[in-house]
1. Show the residues, 5+ positions off or on another chain, whose built amide H is closer than 5 Å to the amide H of Y37.
2. Tell me, Kirkwood radius of the range 46-156 from alpha-carbon pair distances, in Å?
3. Among L122, L18, L146, whose mean-square fluctuation peaks in a Gaussian network model of the chain (Cα, cutoff 10 Å)?
4. If you find the alpha carbon centre of the range 95-111 and of the range 1-23, how far apart are they in angstrom?
5. Mind pulling the angle between the C-alpha long axis of helix 133-156 and the longest principal axis of the chain? Nearest 10 degrees, somewhere in 0 to 90.
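Here, each number is a calculation from the coordinates, and none is a lab measurement. For clarity, every value in this text was computed on a predicted model and none was experimentally measured.
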Amino acid sequence: MISCSTCQTWSHVKCDLLLLDPVIKEQMMATDSFFQYSCQACRKQGRLKFIYKIISELEAEDKNGYYADEFWLESDQFNAVQAKQYLRQIKNPVCFTVIKRRIDTYLLSPEKLKIDILQIFLNAKNYNRQNTQIYKDADKMYAICLDKLTGFMPYLDK
């Protein structure tokens, strides 16, 4: 049995697939190293916090607040006809609020997080004309988020 360094819960070594990994097993058995074990529940909490941190950092890059919420579909600037047109044209409407609602999904599929976040900006580019400010902003945000997500992905896949 092994105790979680965070919550002190005891787990059977054979019950946690992480501990069956040969590299982890070797680290755990090495007498000259200190192995800090986190149980499945604590690892899940840690990953959720990390994913939320990623979303928050990327959301902070949205200086104009264009992509935070779907509020604009009901705003004065967007009438019902335009909203229907948008939803006909954009098959997967997504914003940072929707992404936050789906956060548990990204534990199982970190690549889906990347796809959904980038979809925000692809939608903006697909709906708006190239010469508009929102198109240009979406293009910049896509590049910024792609760069940041590429840096985060190795940590999410662990």
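1. Under 5 Å from the amide H of Y37: S5.
2. For the range 46-156, inverting the mean 1/r across all distinct Cα pairs yields 14.5 Å.
3. L18
4. 27
5. 10
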